[in-house]
Every structure is written in structure tokens, then in C-alpha cells.
Amino acid sequence: MSITMIGLDTAKSVFQVHAVDGTGKPVIRRKLSRAELIPFFEKQEACIVVMEACGAAHHWARLLTSLGHQVKLIAPEAVRPFVKKGKKNDAADAAALCEAASRPDMKFVPMKTAEQQAILALHSARSLLVKQQTMLVNAMRGLATEFGLTVPKGINRLGELTALVGADEAFPETARGVFTELHERYDSLVESIDTTETKIVAHARSDETARRLATSAADAFRHIGSLRDPIPGIGPITASLIAATVADISVFKSARHFAAWLGLVPRQYSTGGKTRLGRITKTGNREIRRLLVLGATSMVFRAEQWNSVAGAWTRGVLQRRPVRLVTVALANKMARIAWALMTRQEVYQAKGRIAAAAEVAA
């Protein structure tokens, strides 16, 4: 029988092929070099090719699709249960891909375009630069603390710390030189972060999905009469990341499925009819979850001035639950709102803002 499905385990220079026919019987088990991969698939009749959605998978998926094959990507954690116990190798991984893809309830990862991956590269670079910025600030704080100079928490307090170091005549010149060099690297990082964020904001303004998820403060003010406001806690950077990451929102059947994919739902430890809920799962895209939680944190701290039904809900939960729990719950709500807007292709309309809109109009 002809080949109907090929499991392809990818690596940097070695690729393992596991091809099966319509009955699931192995037809080809072969290891290919990087140079042999494309010629091999050019000779094959159109079939289903299954890969893990990991590094370079979307690149190979686009190439194999151009050759006429149907490519399906599976999340690595969904393939792991099908790897035979005690046989963790490339051949076993490729066979597990075919086994996993044959399951009727298997969920597949949509293939990303080169443009989407380019935007995600911007977000990865920004995340790295921000991490390095935080490390430099902590290093400067630690250095100044060694000589008795401290300032309150917050990256915006770095100017005060720099002034203290400059005014302290007892501060050793060698340490001052180290502090100055770290500060110069910090300034360079700030410039790089600003440049990267400018490109991300430009994408958020040009992409239809990102525009639907986030509106600038000026736009929100202009449209307040029609109740058009940005989703609370979601700005252009978060909107751009969601738009570039979620290639097909229809993959998620409900808002809860989307929130669960982001790891914003509690773990279940249930048995014998007793349901126990633990901490959030923290599965899925870590960066989107982090940005949603950060946005929710900023909204929780401003809950008293938040004039909407969501603001009233947040204030009510704060009276009964710890702040961190409320923050995660609000991030979950924000993810569900984002799913609804992307699915229905609508703009966000905050409830309970009629009185505020009337005041602005007056």
C-alpha cells in the first residue's frame, strides 16, 4: 500500500522518518541528513506529514506544504505519552508522531507564516532585553548598597541612585567606574528596547486582530461616547503578541479553552466525585500569560478608579480574596474577552460606562 502518513522527527542535521500506510503498518524507517530531506519528500506522493511544533518546525512545514504535502504540527507534550517506555530515541519519537496524529481527538497547532514568526522574533528580543535591563539595575543597586547607598524599589528610581553615587565623595573611584559602565550599558539597552517596542506598536496598529484587542489612550478617549475602550490591561505589546501567536482562534472551542491553553486555569486533583482545585497550570505560552498577569496587576492596583462592571467585580473579589489570586482571575477574564473579540470580530465595549461617557460629552 502507498504511504499515507509520515512522522518526521527534526533536529539540526539529522532527521528521522517513520512512514506508515493506510492500515498503520510501517513502510519506511529511515534516518536522513539535512541535505537529503527535501529530495526525499520531492519523490513522495502527497501525504500527511506530522512534526512536533518545536524549533524550525514551522519553517519545514511551509517548505513541505509547498511540495504538496499536508503538514500537521503537534505540541510536544501531546506526543510524549505515545513514546514507548524505555525507548526514547529519534526512531521512537517519529513513530510516536504517527500514533498521536491518528487519534481522533488530537489537537493540532496551526502553521505560522514567516511574517508571524518575524513579529514573534521582535517579542523574543524585547523580552531578552528587558530581562537584561532588570539584571543591570539590580547589579547597580547591589553595588551601591555595598557602600551604604539605597533608594526605594522601582526602575524609575535609578536616577536618584545615580545622583547619590555622584554626590558621595567617599564612593571609591574604581567602584564608581564600574557603576558608570553598567549605567552606560543600561542606557544602551533602554534605547534598544524603545526601538523594538516602536516596531511592535507599529505592528499592533497595522494588524487587524491586534487593533481589535488594543486601542491607544487617545483613541479610547475619542470613542468613549460609543463605549469603545481597550480591553483592560491589554496594550499594543500584548495585543501584538496574541495576534502573532494565535494563528487560528477557531482552534479554541470556547473562551475557557483559550484561557486553559494559556495556563490561567487551576489544576484539578479530583477523584471519587470530590473536586480539588490547585494552583494555575502555567502551561501554554508563557510570555502571553506573563503580559496578561502584568496588565491585570496594574488594573487591580487602580481598581478604585476603574469605572465599569469589570472594575466593580474586581473590587468585590478583592474584599474576599488575596490580591495575587484576584490578579490571576482578572488575567483569566482578560484572556476570555480577547477570545470573544477575536472569534466574533468585534471591538470591546465596556459595560457600566454610560454615566462616564455622559460626563465627558458634557
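The values are calculated or read from the model by the stated rules, or taken from the named source; none is laboratory data. For clarity, every value in this text was computed on a predicted model and none was experimentally measured. Note that each Cβ is placed from the backbone with ideal geometry, even for glycine, and that neighbours are counted across all protein chains shown. Heavy atoms of the whole protein, side chains included, go into the accessibility calculation; ligands, DNA and RNA do not. Shrake-Rupley method; radii C 1.70, N 1.55, O 1.52, S 1.80 Å.
Worth a mention:
- Counting only protein heavy atoms and a 1.4 Å probe, the chain has 57 square angstrom of accessible area per residue.
- Relative to the current alpha-carbon distance between Leu67 and Val309, full extension at 0.36 nm per residue lengthens the span by 81.9 nm.
- Among the protein heavy atoms of the stretch 1-95, carbon and sulfur supply 53% of the accessible surface, probe 1.4 Å, non-protein parts ignored.
- Look at where the Cα atoms of the stretch 296-342 and of the stretch 168-210 average out, and the two centres are 31 Å apart.
- The stretch 59-88 and the stretch 94-127 have their alpha-carbon centroids 9 Å apart.
- If the Kirkwood radius is taken over C-alpha pairs of the chain, then at 37 °C and 0.692 mPa s the Stokes-Einstein diffusion coefficient equals 136 µm²/s.
- In the stretch 245-276, chymotrypsin sites (Phe, Trp or Tyr not before Pro) in a DSSP loop with at most 16 other beta-carbon atoms within 10 Å: Tyr269
- For the stretch 115-195, trypsin sites (Lys or Arg not before Pro) meeting the loop criterion (DSSP other than H, G, I, E, B) and having at most 14 other Cβ atoms within 10 Å: Lys153.
- Relative contact order (percent, whole number), the stretch 91-199, Cα cutoff 8 Å, 6+ residue spacing: 34 percent
- Each part reduced to its alpha carbon centroid, the stretch 136-151 and the stretch 14-43 end up 57 Å apart.
- Neighbour net charge for Lys88 - beta-carbon separation under 12 angstrom, K R +1, D E -1: +1
- For the chain, share of DSSP beta bridges that run antiparallel, in % to the nearest 5: 70 percent
- Once the Cα atoms are used to define both axes, helix 90-101 deviates from the longest principal axis of the chain by about 90 degrees.
- As a length-normalised measure over Cα pairs under 8 Å and 6 or more apart, the relative contact order of the stretch 7-104 settles at 30 percent.
- Between Ser254 and Arg279, the FRET efficiency estimated from the beta carbon spacing at R0 = 25 angstrom works out to 0.70.
- The slack between Lys31 and Ala167, meaning 0.36 nm per residue of separation minus the straight C-alpha distance, is 42.3 nm.
- Within the stretch 120-192, the GluC sites (Glu not before Pro) that combine a DSSP coil assignment with at most 16 other C-beta atoms in a 10 angstrom radius are Glu146, Glu169.
- Projecting the Cα positions of Leu37, Val71, Val83 onto the charge dipole of the stretch 30-99 (unit charges on Cβ atoms of Lys, Arg, Asp and Glu, taken about the Cα centre) puts Val83 furthest along the positive direction.
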